[in-house]
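Input: a single structure, listed below in structure tokens.
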Amino acid sequence: MALVEHQARLIEAIELGPGIRHFRFEIPQVESFEFTPGQWVSMTEMVNEKKVTRAYSLASLPEANRFEICLNKVEDGLFSPYLFSLNPGDTVPTKGPVGTFTLRSKDREAVFVATGTGVVPYRGILKQHGYLDAGTKAALIFGTRYAEGLMFADEFAELERRHASFNFLPTVTRPTEAWQGRIGRVQQLLWDVLGDRTDVDVYVCGLKEMVENVRDELKQRGFDRKQIIVEKYD
């Protein structure tokens, strides 16, 4: 079935860190824009006389006719500079929701792994009703180069404070002297968290190299393919 194209109108854009922006859109043509946390939308526009389409994970829970995305500005990219140039009221042709990177079970223990903007879909996944608030055990391992790239860290830390069953584990690979948290790559932190366990679901989202590295290692450790849920960003 062909996806319906909507004109998504920018409500506001918020700076989250250097070159990171959080966009809130609405779709005036509809009263409700329904999606499952973890899905994505595609946006299309003519940029430099070339039709360009990009996919962006939804960074929010469904709320009336609104949705949110979050992305890095790629200076020599085609589409992100265009989005960063938008003003409130501007519209972007948008299709969706699409995607299967969604929670498989609200009852099974899970570990979520992300680097960079790979954390975006987890913002909605972790906040959905009947999951953490039901006491299901979960952990989020989130890695970036620099601490200022840890988007939504305050929100994830608040989830950890509210839910004893949830652990938020941020880590950076290029710390400053001011950084007092974990240092290193998400892979090693994941192996530390898992130990010898193979009875949890593992969700992995980020750049291709990291995702494939983690998936291959999980298979070698005896995880069933149904327990490994991945989304690659390049």
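The values are calculated or read from the model by the stated rules, or taken from the named source; none is laboratory data. On a predicted model such as this, the values are computed, not experimentally measured, just so you know. Here Cβ is always computed from backbone atoms with ideal geometry, including for glycine, and neighbour counts include all displayed protein chains. Ligands, DNA and RNA are excluded from the accessible area calculation, which covers all protein heavy atoms including side chains. Shrake-Rupley method; radii C 1.70, N 1.55, O 1.52, S 1.80 Å.
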Q. Among the GluC sites (Glu not before Pro) within segment 4-60, which fall in a DSSP loop and have no more than 13 other Cβ atoms within 10 Å of their own Cβ?
A. E31, E34, E49
Q. Given labels modelled 7 Å from the Cα in the Cβ direction, how far is it in nm from D90 to D224?
A. 4.8
Q | Over 19 Å (Cα to Cα) - which of K106/K137; K95/K226; K106/K127; K106/K226 fall in this group | A | K95/K226
Q | Extension reserve of the A164-D107 stretch, reckoned as 0.36 nm per residue once the Cα distance is removed | A | 19.0 nm
Q | Candidates per GluC sites (Glu not before Pro) in segment 127-206, loop by DSSP, up to 13 other Cβ within 10 Å | A | E177
Q: Obtain the nm distance between the two label points defined at R185 and D199 by a simple spin-label model: each point lies 7 Å from its Cα along the Cα-to-C-beta direction.
A: 3.0
Q: Using DSSP, restrict attention to beta bridges with both residues in segment 53-174 and report what percent are antiparallel, rounded to the nearest 5.
A: 5
Q) By how many degrees, between 0 and 90 and to the nearest 10, does the Cα long axis of helix 208-220 differ from the longest principal axis of the chain? A) 30
Q) Roughly speaking, to the nearest percent, how much of the chain's 1.4 Å accessible area is carbon and sulfur? A) 46
Q: Would you please state which residues of segment 38-58 a label at L78 would reach in this model, taking the label point 7 Å out along Cα→Cβ and a backbone N cut-off of under 16 Å?
A: 42-56
**Q.** Cα centre as origin, Lys/Arg/Asp/Glu Cβ charges: the chain dipole, Debye
**A.** 420
Q: Enumerate by residue number the trypsin sites (Lys or Arg not before Pro) in segment 85-148 meeting two conditions: DSSP loop (anything except H, G, I, E, B), and at most 10 other Cβ atoms within 10 Å of the site's Cβ.
A: none
(Q) I need the calculated FRET efficiency for the pair E155 and A13, taking r as the beta carbon distance and R₀ as 22 Å, to the nearest 0.05. (A) 0.80
Q: Name the long-range amide H neighbours of N65: under 5 Å, sequence gap of 5 or more, or other chain; modelled H, no Pro or chain starts.
A: F33
Q) Considering only DSSP beta bridges whose two residues both sit in the chain, what percent are antiparallel, to the nearest 5? A) 55
